[in-house]
Amino acid sequence: MSSRKSDSLRSEADALIPGGVNSPVRAWKAVGGATRFVRSGAGSHITDVDGRTYLDFVGSWGPLIHGHAHPRVLAAVSAALARGTSFGAPTEGEVVLAKTITAFVPSIERVRLVNSGTEATMSALRVARAATGRDAIIKFAGCYHGHADGLLVRAGSGATTLGIPDSPGVPRAVAELTRVAKYNDLASLEAVADRDVAAIIVEPAAGNMGVVPADPGFLLGLRAVADRIGAVLIFDEVISGFRLAKGGAQELCGVRPDLTCLGKVIGGGLPVGAYGGRADLMDQLAPRGAVYQAGTLSGNPLAVAAGLATLELLDADPPYDRLEQLGARLEQGLRGALRGRIGCVQRVGSILTLFFGVERVRDYEDALKADTARFERFFQAMLAEGFWLPPSQFEAWFLSAAHTTEEIDATIAAVGRAVAASD
Ligand code: PMP
């Protein structure tokens, strides 16, 4: 193992990799840059190449519901590794994983494995467009569904703004097919919903503008609008799937989507995504139907082994009650740590966000009012105390089953000091 330090690796990475990272948020731009390089993880902790250990609330951005390097996951991957890494032919594990997913999530009658959440959402949209013969889609401002062209679009100034690309390189012609409504606002959805819309895609618990729970009735409303205009309702459960409950957010809200996108937990820290749902929709896919979607490494044996081990653990010893208790304890402690300062803690199960400077966040516009300068000071103070938080005000903290009550209490105490230090 090399003994190079973060500073040296960072300057070399900057010259070789755009921005020094393989996914932008890792560069810590929102909190002053100078990311640290990680050497290893175990349970609830990670250790950087400089030898510092942190209590981790990123958890690889969601996959590691059982914590880092869980022995059962490692054993499953090692056993698969010994049999070979990839065949480009079907393997038994894929069937077992498909059976597990369809058992956990009843709305998923058929499922296809891919390699990332991005692939899952873009493929689900293709299926929806093929089924309806329509091109337009509706998404909600502040929801992230991966980086496919048509999904890198949010509201401009108004709730009903037609698509304006967030990124250069997204063809305007593609972005214009994306209509944007406000999260938790059915009136804004009605304003853009008509019979040209192939799909309504939503995070049923939003996690990419900070955590924003769906109001009771919002998701039911989406179902009703989708039914009325004949559009496909897609739940993007890349974060919430298997994390909020075995059956994801849809189990909790009782709304049955037509298609569901999965990622993160389903791969247990290896690259897996999936999309699935109604058999009549999924049976359009080649080779049964004419809708094309493929992948050299889709259903990769190592990734499937990690995912299966992760789901088997969730089944054998469901951590959801404990995660809820830990989450509630952390939520309450963080709220107390604000001590009268304006801010709020928003949580759904094991994901939460501490927002500074806003009393409540129901949609993207609210989120953008948060005090990011205070968050930066807070983040640095927490880092100095050995807590690895998401390096942005607009991301979720992820709890794992490896976190302990004592660690949560230590976090609350540190947050009290860091909040005071960031005044
Ligand atoms: N959907 C949601 C809800 C996500 O949070 C993410 C990633 N954070 C994605 C899709 C994209 O997944 P990936 O990064 O694996 O492409």
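Within the stretch 295-326, which residues are open to solvent by 60 Å² or more (accessible area, probe 1.4 Å) and not in a helix (DSSP H, G or I)? Answer for the stretch 295-326, where residues must be open to solvent by 60 Å² or more (accessible area, probe 1.4 Å) and not in a helix (DSSP H, G or I): Thr296, Leu297, Asp317, Pro318. Taking the condition in contact (Cβ under 8 Å) with a residue 12 or more places away in the chain, among the charged types (D, E, K, R) and open to solvent by 10 Å² or more (accessible area, probe 1.4 Å), does Arg243 pass? In short, no. Within the stretch 231-240, being over 13 Å from Ala205 (Cβ atoms) and touching a residue at least 40 places away in the same chain (Cβ under 8 Å) holds for Ala231, Val232, Ile234. Does the stretch 249-258 contain any residue that is surrounded by 24 or more Cβ atoms within 10 Å (Cβ to Cβ), within 13 Å of the ligand (Cβ to nearest atom) and within 12 Å of the chain's Cα centre (by Cα)? Looking for residues that are surrounded by 24 or more Cβ atoms within 10 Å (Cβ to Cβ), within 13 Å of the ligand (Cβ to nearest atom) and within 12 Å of the chain's Cα centre (by Cα), one finds none in the stretch 249-258, hence no. Summed over the stretch 39-66, the residues that are surrounded by fewer than 20 Cβ atoms within 10 Å (Cβ to Cβ) and farther than 22 Å from Gln393 by Cβ give a count of 12. Only one residue in Arg329, Arg335 is open to solvent by 20 Å² or more (accessible area, probe 1.4 Å), within 12 Å of Ile408 (Cα to Cα) and part of a helix (DSSP H, G or I), so which one is that? One residue alone meets the criteria, Arg329. Of the helices (runs of 4 or more DSSP H) that lie entirely inside the stretch 158-245, those containing 1 or more residues that are β-branched (Val, Ile, Thr) and away from the ligand (no atom under 16 Å from the Cβ) span 172-175, 218-229. For the condition at pLDDT 95 or above, part of a loop (DSSP other than H, G, I, E, B) and small (Gly, Ala, Ser), Gly276 does not qualify.
Within the stretch 86-107, the residues that satisfy the criterion of being open to solvent by less than 60 Å² (accessible area, probe 1.4 Å) and either among the acidic types (Asp, Glu) or within 16 Å of the ligand (Cβ to nearest atom) (or both) are Glu94, Val105. Gly32 fulfils the conditions (1) at pLDDT below 95; (2) of a type outside the set (Asp, Glu); (3) open to solvent by less than 20 Å² (accessible area, probe 1.4 Å) except for a single criterion, (3).
Evaluate the following for Gly340: is it assigned by TED's automatic domain parsing to the domain that holds Arg374 and either among the polar types (S, T, N, Q) or modelled with pLDDT under 95 (or both)? Yes.
Is it fair to say Gly142 is within 14 Å of the ligand (Cβ to nearest atom) and outside any helix (DSSP H, G or I)? Judged against the criteria, Gly142 is a match. With respect to (1) assigned to a loop (DSSP other than H, G, I, E, B); (2) in contact (Cβ under 8 Å) with a residue 24 or more places away in the chain; (3) out of contact with any Phe, Trp or Tyr (no Cβ under 8 Å at 6 or more places or on another chain), the lone exception for Pro287 is condition (2).
The values are calculated or read from the model by the stated rules, or taken from the named source; none is laboratory data. Not measured: the values here are computed from a predicted model. So basically every Cβ, Gly included, is an ideal-geometry build from the backbone, and we count neighbours across all protein chains shown. Side chains included, ligands, DNA and RNA excluded: accessible areas come from the protein's heavy atoms. Shrake-Rupley method; radii C 1.70, N 1.55, O 1.52, S 1.80 Å.
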